[in-house]
Amino acid sequence: MAVGSPNNSLKPTAYRGGLVQPLGVYRYQEGILMLAENNKDIVRRFYEEVVNTGNTDRIHEFISEEYIEVFDGKRYSSGIEGAKAHVIGVRQTYHDLTISIERQIAEDDWVVSCITTSGTHKGSWLGIEPTGKPVVFTGVNVDRIVDGRIVEHGGAANMLGPLLEIGAVKVVGPGE
């Protein structure tokens with residue numbers, strides 16, 4: 001059995017102060033940690049090098065042909081072309097779009113990114129004509145990475161803030 005495999009027969013060694021894990025277990029755990037860090041890096045680089053720049057010519061470096069978007073509990077097969085169309089569409093609405101990752105958590109194939117997004121409303125969005133107003137909103141994206149490519153994406157964003165900022169909705173008082 002390979003050293004570091006999850007089922008290896010190495011047992012912790014007892015000593016007066018507690019237990020010492022055998023080196024093979026640390027190697028296995030280190031491999032898991034490295035995979036998680038690599039997956040976080042793939043997602044971060046996708047935002048920085050494709051989404052924030054609009055350089056969809058590089059999207060194939062980060063997105064799988066089997067790419068799926070999850071929205072409202074439904075799964076939509078999009079592939080690379082669908083992901084490209086999504087990035088182009090968002091950047092047409094917010095030409096100066098910037099996504100900043102505030103925090104990332106990774107486990108197995110999954111990466112969760114807490115993000116802050118900013119941009120200027122320069123294109124039609126949800127039937128709302130451009131206002132030229134800046135917007136900032138937060139969200140959480142959940143991506144699954146397989147073989148170094150994003151195969152699944154979903155998330156949620158606080159869209160009330162941007163709708164208020166561009167004047168698409170307004171807060172009304174009692175009786176209004």
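The values are calculated or read from the model by the stated rules, or taken from the named source; none is laboratory data. Note that the coordinates shown come from a computational prediction; the quantities given were computed from them, not determined experimentally. Neighbour counts run over all protein chains shown; Cβ positions are idealised from the backbone, glycine included.
Does segment 112-126 include one or more residues that are of a type in the set (A, V, I, L, M, F, W, C), surrounded by 14 or more Cβ atoms within 10 Å (Cβ to Cβ), touching a strand residue (DSSP E or B) at 6+ places or on another chain (Cβ under 9 Å) and under 19 Å from Ile59 (Cα atoms)? Among the residues of segment 112-126, not one is of a type in the set (A, V, I, L, M, F, W, C), surrounded by 14 or more Cβ atoms within 10 Å (Cβ to Cβ), touching a strand residue (DSSP E or B) at 6+ places or on another chain (Cβ under 9 Å) and under 19 Å from Ile59 (Cα atoms), which makes the answer no.
Across segment 110-118, not a single residue is classified as of a type outside the set (S, T, N, Q) and over 20 Å from Phe71 (Cα atoms). For residues in segment 100-129 being out of contact with any Asp or Glu (no Cβ under 9 Å at 6 or more places or on another chain) and of a type in the set (Ser, Thr, Tyr), which is farthest from Ala157 (Cα to Cα)? Ranking the candidates gives Ser124 first. Pick from Gly89, Gly82: which is over 13 Å from the mean Cα position of the chain (by Cα), assigned to a helix (DSSP H, G or I), at pLDDT 95 or above and not polar (S, T, N, Q)? One residue alone meets the criteria, Gly82. Total residues in segment 92-112 satisfying the condition of being at pLDDT 95 or above, charged (D, E, K, R) and either closer than 25 Å to Glu37 by Cα or part of a strand (DSSP E or B) (or both): the figure is 2.
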